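The structure appears below as structure tokens.
The values are calculated or read from the model by the stated rules, or taken from the named source; none is laboratory data. Since the model is a prediction, treat every value here as computed from it, not as a measurement. Cβ atoms come from the backbone with ideal geometry, glycine included; neighbour counts cover every protein chain shown. Remember, those area values only see protein heavy atoms, side chains included, never the ligands or the DNA or RNA. Shrake-Rupley method; radii C 1.70, N 1.55, O 1.52, S 1.80 Å.
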Amino acid sequence: MSARYDWGQRVRATTDLVNDGSYPDRAQDELLVKNGDLGEIVNVGTHVDTEIVIYLVEFSPQLVIGCLEEEIEPA
């Protein structure tokens with residue numbers, strides 16, 4: 001599967017993103033990013049087992065979140 005978006009691209013969250021347990025210093029299911037928040041893709045990778053493209057999006061200097069294509073759109 002090929003990536004739809006590129007490193008450095010500005011994107012917008014298309015849904016609320018909550019803590020799935022990836023951030024142990026934040027509460028489970030805590031809202032991390034609101035629908036419409038802007039970020040920048042800082043890395044593009046692929047899940048080893050499923051080959052699904054994962055985008056690391058920096059929404060703030062302290063908040064980088066792995067997103068699926070359906071969770072972001074070009075800003």
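Rounded to the nearest 0.05, what FRET efficiency do GLU73 and ALA27 have when you use their Cβ-Cβ distance and R0 = 25 Å?
My answer for the efficiency is 0.40.
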For 65-71, 1-7, ranked highest to lowest by mean beta-carbon neighbours within 10 Å, the order is 65-71, 1-7
Just the accessible area per residue of the stretch 1-65, please: how many Å² with a 1.4 Å probe?
66 Å²
Quick one: which residues, 5+ away or cross-chain, put their amide H under 5 Å from the amide H of ASP37? H built at 1.01 Å from N.
ALA13
Percent of accessible area on the chain owned by carbon and sulfur, 1.4 Å probe?
48 percent
Listed highest first by mean packing, meaning other Cβ atoms within 10 Å per residue, what order do 32-38, 43-49 come in?
32-38, 43-49
Here, the chain modelled as identical Cα point scatterers in vacuum has Debye log10 I(q)/I(0) at q = 0.15, 0.19, 0.21 Å⁻¹ of -0.47, -0.75, -0.91
With the contact rule set at Cα under 8 Å and sequence spacing of 6 or more, what percent relative contact order holds for the chain?
33 percent
